[in-house]
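**Q** My questions all concern the structure below.
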Amino acid sequence: MRVSKANLAAAVANEGCAGVIATVGLGGYEHAPGKDFAKVSRVALQEEIRKARRMTNGIVAANVMVVLSNYESLMKVCVEEKVDMIISGAGLPMQLPAYTVGTDIKLVPIVSSARSLKLICRKWMKDFNRVPDAVVVEGMKAGGHLGYSSEQLEKNSPTLDETLVDVLKFANQLPTPIPVIAAGGIFTGEDIAHYLKLGASGVQMATRFVCTDECDVDIKFKQAYLDAGPDDITLIKSPVGLPGRVIRNAFVEKIKAGQIIPFKCKYRCLKTCDPTVVPYCIAEVLAKAAEGQLDEAFAFAGSNAWRCNEIVSVKSLIQKIVKEYENAE
C-alpha cells in the first residue's frame, strides 16, 4: 500500500515498461472522518494519475483490487482519467468490463489458476462479449496477500511454472489467444528469460523495484529490504483471511504470538474484513509501514526481497535487468 505511486510508475513507464499505480490506500484517509474515506481515496488517485501523466508519455496502468469496498469509485476515476490499462485481482473481477464500455482501456485480471481464468472468460463472454486483453498469473512467491491456501504454500505446489503452463494452454485455445504475464518471485533478467521460454509474453515485477530512488515509500521501508536475510521472509495470516508474505520484525512476532492490536475502524475499506473480530487493522499497519513506522507495522515483500542489496535508480535497475536477460539468452 502506497508503495507504487506516480513517481515509481512514471519512472518505469519512461523506460518502456508499463508503470503501475497501486490504487489501494491512497491519500491520508486514516486521518479523515470515516465518511470521507471514498472521497479522499478518489481524489488522491486522480492526483496520482495526473501526476504520472505529467511525468511520462509512457504506459500508465492502475491496479484496483476487487476486495476494496470503494472498488467501483476507484474504477470510475481510472476511466475518467483514461489510464492505459486496469489490472485487477484480490478476487475475481467479474464485472470489470462494465466500467470501461466505450473506452479502449486494456483490462488485465490477475489469477492464480487456470480455473479462475476460465470463470472470468466465461462470464465476460456471456455478459460483455469479450475476453481479457491479457492475464497476470501470480505464483506463490509474490509479496503481500497471496491467493493460495496455507497448505499449498507449505507444499510449494503448484509452482508458478506449473500454473503458467496450465493457464497458457487455456489462453492459447481462446478464439483470440491472449498474452499471459508471469508474476511472483521474478527477480532477475534470467528469471524473465526462463518464463518467456515457457511461453509467457511478459512478466510483472514488484519486489526489486522497492529499492529504487523513485519508489514512494519511506527510506526505512526500503532499509528493511536491505537488512533482511533469507530467514526474515515469512508468512502471516492476514486479518482479511489470506496468507501474506512479509519481512519479519518485532511487530510480526507480536501478531504471530496472537497479540491483539486495538483499533477503531472508521471506513471499512475491505469487503471481507470484519473489524469486530480481526486482531489488528491491516490498512492502518500498511499505511504506517509506507511512512516508515515499522515498530508498529510490517513491510509486505516477495520471497526474494532479501536479495535486494542497494538502492538505485529505476533506469539503472532496468538496464541491469536487461543485461541479465541478454546474458541468459
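The values are calculated or read from the model by the stated rules, or taken from the named source; none is laboratory data. Note that this is a predicted model, so its numbers are computed, not measured. Methodologically, a virtual Cβ is constructed for each residue, glycine included, from the backbone with ideal geometry; neighbour enumeration extends over all protein chains shown.
**Q** Considering region 63-106 alone, what residues qualify as being of a type in the set (Ser, Thr, Tyr) and within 18 Å of the chain's Cα centre (by Cα)?
**A** Hits for region 63-106 are Ser69, Tyr71, Ser88.
**Q** Further question on the same structure: Take the residues in region 6-35 that are part of a loop (DSSP other than H, G, I, E, B), at pLDDT below 95 and not hydroxyl-bearing (Ser, Thr, Tyr); name whichever of them is nearest to Ile110 (Cα to Cα).
**A** The residue in question is Val24.
**Q** To continue, here is another question. Condition first: of a type in the set (Asp, Glu), more than 25 Å from Val67 (Cβ to Cβ) and touching a Lys or Arg at 6+ places or on another chain (Cβ under 6 Å). Now tell me which residues in region 197-243 satisfy that.
**A** Correct list: Asp232 only.
**Q** Got at least one residue in region 179-189 being without any contact (Cβ under 8 Å) to a residue 40 or more places away in the chain and either farther than 23 Å from Ala114 by Cβ or touching a helix residue (DSSP H, G or I) at 6+ places or on another chain (Cβ under 7 Å) (or both)?
**A** Yes, the conditions are met somewhere in region 179-189.
**Q** Can you tell me which residue among Val64, Val79 is under 19 Å from Asp133 (Cα atoms), surrounded by fewer than 22 Cβ atoms within 10 Å (Cβ to Cβ) and touching a Phe, Trp or Tyr at 6+ places or on another chain (Cβ under 8 Å)?
**A** One residue alone meets the criteria, Val79.
**Q** Quick one: in region 158-192, which of the residues that are of a type in the set (S, T, N, Q) and within 29 Å of Trp306 (Cα to Cα) is surrounded by the fewest Cβ atoms within 10 Å (Cβ to Cβ)?
**A** Thr159
**Q** Which of the residues belonging to region 249-277 are touching a strand residue (DSSP E or B) at 6+ places or on another chain (Cβ under 7 Å) and free of Cβ contacts under 8 Å to residues at least 24 places away in the same chain?
**A** Within region 249-277, just Lys256 meets the criteria.
**Q** Among the numbered conditions (1) surrounded by 14 or more Cβ atoms within 10 Å (Cβ to Cβ); (2) in contact with a strand residue (DSSP E or B) (Cβ under 9 Å, 6 or more places away or on another chain), tell me where Asp227 comes up short.
**A** All conditions pass for Asp227, except number (1).
**Q** Identify all residues within region 36-53 that are acidic (Asp, Glu) and modelled with pLDDT of 85 or more; write none if there are none.
**A** Across region 36-53, the qualifying residues are Glu47, Glu48.
**Q** Then there is this: Looking for something in contact with a Pro (Cβ under 8 Å, 6 or more places away or on another chain), in a strand (DSSP E or B), in contact (Cβ under 8 Å) with a residue 24 or more places away in the chain and among the aliphatic types (A, V, I, L, M) - is there at least one such residue anywhere in region 70-86?
**A** Checked region 70-86: no residue is in contact with a Pro (Cβ under 8 Å, 6 or more places away or on another chain), in a strand (DSSP E or B), in contact (Cβ under 8 Å) with a residue 24 or more places away in the chain and among the aliphatic types (A, V, I, L, M).
**Q** Can you spot a residue in region 231-240 that is at pLDDT 95 or above, of a type outside the set (Ser, Thr, Tyr), buried (at least 18 other Cβ atoms within 10 Å of the Cβ) and under 24 Å from Glu190 (Cβ atoms)?
**A** There is at least one residue in region 231-240 that is at pLDDT 95 or above, of a type outside the set (Ser, Thr, Tyr), buried (at least 18 other Cβ atoms within 10 Å of the Cβ) and under 24 Å from Glu190 (Cβ atoms).
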